[in-house]
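Student: Below is one structure. I have some questions about it.
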Amino acid sequence: MHFRPSAVVAAVVVGATAASLLVAAPVSAQAPSTTARDTLSPAVITATRVAVTTAAPVATTTVLTGDSVRAQGITRVADALALVPGAMVVGSGAIGAQTSIFLRGGNSNYVRVLVDGVPVNDAGGFIDLANFSMENVSRIEVVRGPASVLYGSDAVTGVIQLFTNDGSGPGGLRAAVGGGSHEDGRASVSYRATMDRASFAIGGAHESTAGILPFNNRYTSDVLSGGLRVAPDARSDVRLAARWSAATFHYPTDYAGAVVDHNAEQSDHRFVASVDAGRRLTDRAELRTTLTSNEYLPRSNDGPDDAGDTLGYYGYYARAVRTRRAADARLNIRVGGHHTLTLGGETAHDRERSSALTLSQYGPATDGFEASRHILGLYAQAIGDATDRLSYTVGARRDDNSAFGIFTTTRAGLAYVVADGQRAADGRPGIGVRVRASVGNAFKAPSFYENFATGYVVGNPALKPEESRSAEAGADLSAGDVRIGVTGYAQRFRNIVQYAGTAPAPGAPNYYNVAAADANGIEVEAVGRVSGALTASVAYAWTDTRVTASGFDSTAGASYVKGDRLIRRPPHTVTVSLARTFGDRGAIRLVAARIGERADRDFAQYPTAAVTLPAYTKVDLSVVIPAGRGFAIQLRGDNLFDARYDDVVGFRAPGARVFAGVTYAR
């Protein structure tokens, strides 16, 4: 079933308005004089880049706290993000294999990912989440919807930001150790401390597994992280953060998932660092400056399996160094009592140096390039409360990219508190209702490979950025301990870069801006307290994707076929969670996720064939049992009922896994 985008948004607006009218009159009559500003929602920094609260937030956001995620036995960021409505996390088989995220039906390179303000996407938006650990992560903020106004390229369908600990909050020593099936092993230790005008945190973790395939499937990961916050005086603050990670993944699978290779491996090292400094110039003006650095070194090694391995393509080696350095300065000005104007500028430099060697019966072939580009962005944003109940956000940005020139993005939104949810005079819980709507556009720059590739594949320096236009509307209702959120959205993706296996002319490039697609949907979230210690939550996402322009002959293997759904994005997903606390820090949590049928293409044959991946249900259970003196026993079962499924056709996802460990916090 295919809905027009205008119908999706209109349905949500009408439904939200109707619900508002049903509850507004009685609540208004019974509520005390307290205004909406007295019960402001906490600020989600990633949504606005300024720590300012409003009566009714406009953005659709999810916040995952690091402690609660780790208490469930989740150690990988990808597994935590799978809990976010509208997010589809797709792994290519065993733990350590390439892991992508599709947010609101957009492409996997349409999500800007940051670690303490540092963009970690490759130039062009690609991000592999396989090696991102929850170690020392204090919280994850997920903003759904276009955010190029604040973040430039890649923030097409959303932004994900990991904030690491800097010592703020409870201090002390924390440690964990444990193991499980498939020779799984984990160990971590961290320490936090707070002093008079400073705090700091440092931590490290190691994880390894033998994998799920019969040979050559081991994965190891190490991470070190540290943060420091200093407040020299009442008007100034400085935050420094650094994170180093290294991982190695051995894989026996070929491009189609067949288990045939005894020595293929890939590894990477990443170092990110940031300095964020702020100074209140006056009671109404604050200047903030952020310096960021990301250095990423991926490696691939796949030599001949033995002396007789000399036919076909039997060896491949690749090296790359990808760096991004950026500086951002912004002035936040408070106007009146409830308005904040941000004026900012960013300069960034992306650079990539790559080389590859292919061995085949036809002789060795080399490939590689070295390229860089400079970005200058200027942006402005205004947020605030027009009245006690009406909040707004509006912003614009102008990016000048040395590769393709100038691109302008805008965003605007309104939110209104229909009922503030205050308790009635007789003590009965009030009903709170907020409605919101926003529109905006965003863009994604081409990757360096799409621009500058040489060898078998030829890049196209004339590529334009991929772009989107979107609109969303929603409502948030609360009554006592129950909260419900509904959001509908419509998105248009244009100028999508597509690969042409056969160049249109000899020597011509293999990449062109020719494809287009739509992605519309509805997200529903509900959470409530069933009893004093038992809470329940339900999240449902309906995602309708359609290719509207395929460009080249799609029967030859392209992923864009006009009229078809975009691959690996299920139209329906449902997640149900039950959590119960007991004793001193004890907890048990059950999470069941139903993932609907997904379209995919079988790249094991040529031309590729369209396939449908069947629906599946995955059930996870985690238990924390206090053992006294700061110790606790942690148990986790992943995929308890051993559901068999592929996120990518031909690459079997991990089956049932169990883990047991001990944690210490003091």
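Student: Expressed as an acute angle from 0 to 90° and rounded to the nearest 10, what is the orientation of the C-alpha long axis of helix 5-30 relative to the principal long axis of the chain?
Tutor: 20
Student: So what are the three principal axis dimensions of segment 278-381 from its Cα atoms, in whole Å, longest to shortest?
Tutor: 77, 21, 19
Student: Now, a different point. Just check segment 127-284 against the gyration tensor rule for me: Cα atoms, a ≥ b ≥ c as the square roots of the eigenvalues, rounded for a/c under 1.5, and otherwise prolate or oblate depending on whether a/b exceeds b/c.
Tutor: It comes out oblate by the Cα gyration axes.
Student: Calculate what fraction, in whole %, of the accessible area of the chain sits on carbon and sulfur atoms when a 1.4 Å probe is rolled over the protein chains.
Tutor: For the chain, the apolar C and S fraction of the accessible surface comes to 60 percent.
Student: May I ask you to give the solvent-accessible area per residue for the chain, in square angstrom, as obtained with a 1.4 angstrom probe?
Tutor: 42
Student: When a/c is below 1.5 the answer is rounded, else prolate if a/b is larger than b/c, else oblate, so apply that to segment 82-140 with a ≥ b ≥ c taken from the square roots of the Cα gyration tensor eigenvalues.
Tutor: rounded
Student: Using 7 Å Cα-to-Cβ label points, what is the residue 581/residue 538 separation (nm, one decimal)?
Tutor: Going by the 7 Å Cα→Cβ label model, 2.5 nm.
Student: How many angstrom separate the Cα center of segment 440-466 from the Cα center of segment 40-86?
Tutor: One Cα centre to the other: 32 Å.
Student: Keeping all protein chains in position, work out how much accessible area residue 289 exposes to a 1.4 Å probe, and write it in Å² to the nearest 10.
Tutor: 60
Student: Roll a 1.4 Å probe over the protein heavy atoms and report the accessible area of residue 572 in Å², nearest 10.
Tutor: 90
Student: Can I ask one more? What is the distance in Å between the Cα centroid of segment 278-310 and that of segment 313-377?
Tutor: 9
Student: Another question, then. Given charges of +1 on the Cβ of Lys and Arg and -1 on the Cβ of Asp and Glu, with all other atoms neutral, how large is the dipole of segment 544-666 about its Cα centre, in debye to the nearest 20?
Tutor: Value, rounded to 20: 540 debye.
Student: For a paramagnetic label modelled at 7 Å from the Cα of residue 233 toward its Cβ, which residues of segment 261-296 fall within the zone defined by backbone nitrogen distances under 16 Å?
Tutor: From segment 261-296, the list is 278-287.
Student: For segment 556-666, would you read off the P(r) tail past 23 Å as a percentage of all alpha carbon pairs?
Tutor: For segment 556-666, the share of Cα pairs beyond 23 Å comes to 48 percent.
Student: Considering only C-alpha atoms, what is the centroid distance from segment 164-215 to segment 570-604, in Å?
Tutor: About 24 Å separates the Cα centre of segment 164-215 from the one of segment 570-604.
Student: Now a separate question. Mind listing P(r) for segment 420-495? All alpha-carbon pairs, 5 Å bins, whole percents.
Tutor: Whole-percent P(r) values from 0 Å outward: 4, 13, 14, 10, 10, 9, 8, 8, 7, 6, 5, 4, 2, 2, 1, 0.
Student: I'd like to compare 355-363, 239-247: which one has the highest average count of other Cβ atoms within 10 Å, and what's the full order after that?
Tutor: So the peptides 355-363, 239-247, ranked by packing, come out 239-247, 355-363.
Student: A further question on this structure: Can you compute the helix-only [θ] at 222 nm over the chain? Use -39500 (n - 2.57) per DSSP H run of at least 4 residues, normalise by all residues, nearest 500 deg cm²/dmol.
Tutor: Value at 222 nm, helices only, nearest 500: -2000 deg cm²/dmol.
The values are calculated or read from the model by the stated rules, or taken from the named source; none is laboratory data. Keep in mind that this is a model prediction, so the values were computed, not measured. Cβ atoms come from the backbone with ideal geometry, glycine included; neighbour counts cover every protein chain shown. What goes into the accessible areas is simple: the full protein's heavy atoms, side chains included, and nothing from ligands, DNA or RNA. Shrake-Rupley method; radii C 1.70, N 1.55, O 1.52, S 1.80 Å.
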